[in-house]
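Let me begin by presenting the structure, written as structure tokens, before commenting on it.
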Amino acid sequence: MPEPECHIRFDNNPYGVYLAGQTLAGQVELRLTEILSVIGISLRLDGLTEIEWCEFIESATGQPGGRKTTRYHGRQTLLNSTSFLCGSSVGPLRDLAIGTHTYHFSCELPAHLPTSFEGYHARIRYTAKVALHRTKARIDPIGQTSFTVLRHLNLNEHGEVLILPTKSELTKVFCCGPCSSEPLYISAQIARTGYIPGQTIVMKIDAVNRSRTTVTEFRVKLVQKLCYTSQQPTAQTRSDALVVAESRCSGVTSGEVVKHQQNLLIPALPPTYTDGSPIFSITYELEIEARVTGPNISPRLAMPITIGTIALETSVPLREKLKPLAKAPWDPFSSQHYTDIIGTRIPVNNIARRSFAGMEHQELPNNNSNNVRLHYIVHARKSDFPRPDPDEN
């Protein structure tokens, strides 16, 4: 006996995309070429979070086949709703005539459902499945389709913490003991920590390099951090970090001071998800990596941010909220005599530019001083830039 042809369609929603809390409505169409006897036809809506990964342990003996594989997995039910389009699970048999039969359905989705997600080790999926109940013990699935759920994350409901500027800084000394260098100071600041996809993160980077190591470039990365906690065979935790957006700019050479402003566009991403599942979470952070030469480890700064779906409502312009960067914990300009100009990058109309005055063709005098002298060239309003001390020379 041929299986009936089944089509599931959503009303006024051809792609099946719904917000959590909305009503999912549609119709199921059955096309029969023979009389069909059933006690009922059911529609089941499923929502599941599933995680899975494998770990391999090599045998200490090195014998063939000595590798042990452990599969860690977990599962959480988010949605499990069954309704009957006709009949029931215990009713009498009924005959469906040859032809097309259309059944309408409607279901309100819970407001707590998380956003759909597809990853290598985790997935959040929602499906609609139609089954024929031929008898109490025999249930035959005949069709299914997937739909997407989007959960709003209103950044304005997380207090004022997301609207405040944040700053991260470090002081790095390369080598150690008598071979240790002068420090490399890096700081990064953003105007707030709450964003939505489509917005641009504006980051200000300040660097003062008194070490002998060259920073070849700065890399600003938006990192998606996925955390999984298995249920079987034991409770184990695994984390993955995925770079979802990246921006690069020039670095800072020895004895140089730089200022950069980097813009990073946020792509389409699921919102931060930390409160709805014991087995899976999604968080985000900004990472600033200073790529250095030689065998040294590149220093990194990290700032956690929140990705939502409803943007922050700011009543105060961001320029007023962005506070100036604090002074470095050590003074890059001591009271000793300054050396020649060895290089600087100055902000002009919010774009980092380099002043080549004396940088490319002049040698540093050998006076055992690592101090640098800033050389400012004013291209805009004079009030926008610091003025050199008239007594400096």
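The values are calculated or read from the model by the stated rules, or taken from the named source; none is laboratory data. A quick note: this is a predicted structure, and the numbers were derived from the prediction, not measured. Cβ placement follows ideal geometry from the backbone for every residue including glycine, while neighbour counts extend to all protein chains displayed. Accessible surface is based on the protein model in full, side chains and every heavy atom, while ligands, DNA and RNA are left aside. Shrake-Rupley method; radii C 1.70, N 1.55, O 1.52, S 1.80 Å.
Condition check: in a strand (DSSP E or B), out of contact with any Lys or Arg (no Cβ under 8 Å at 6 or more places or on another chain) and not acidic (Asp, Glu). Does residue 37 satisfy that?
no
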In region 47-104, residues that are modelled with pLDDT under 90 and of a type in the set (Phe, Trp, Tyr) total 1
With respect to residue 238, determine if the residue is open to solvent by 10 Å² or more (accessible area, probe 1.4 Å) and over 26 Å from the mean Cα position of the chain (by Cα). no
Out of contact with any strand residue (DSSP E or B) (no Cβ under 6 Å at 6 or more places or on another chain) and under 30 Å from residue 70 (Cβ atoms) - does that describe any residue in region 240-258? no
Residues of region 253-263 being open to solvent by less than 70 Å² (accessible area, probe 1.4 Å) and out of contact with any Leu (no Cβ under 8 Å at 6 or more places or on another chain), in sequence order, are 253, 254, 256, 258, 260, 261, 262
Unique residue being closer than 23 Å to residue 194 by Cα, acidic (Asp, Glu) and touching a residue at least 24 places away in the same chain (Cβ under 8 Å) when the list is 169, 108: 169
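Quick one: in region 203-235, of everything that is open to solvent by less than 60 Å² (accessible area, probe 1.4 Å) and free of Cβ contacts under 8 Å to residues at least 60 places away in the same chain, which residue is farthest from residue 311 (Cα to Cα)?
Only one residue tops the list, namely 211.
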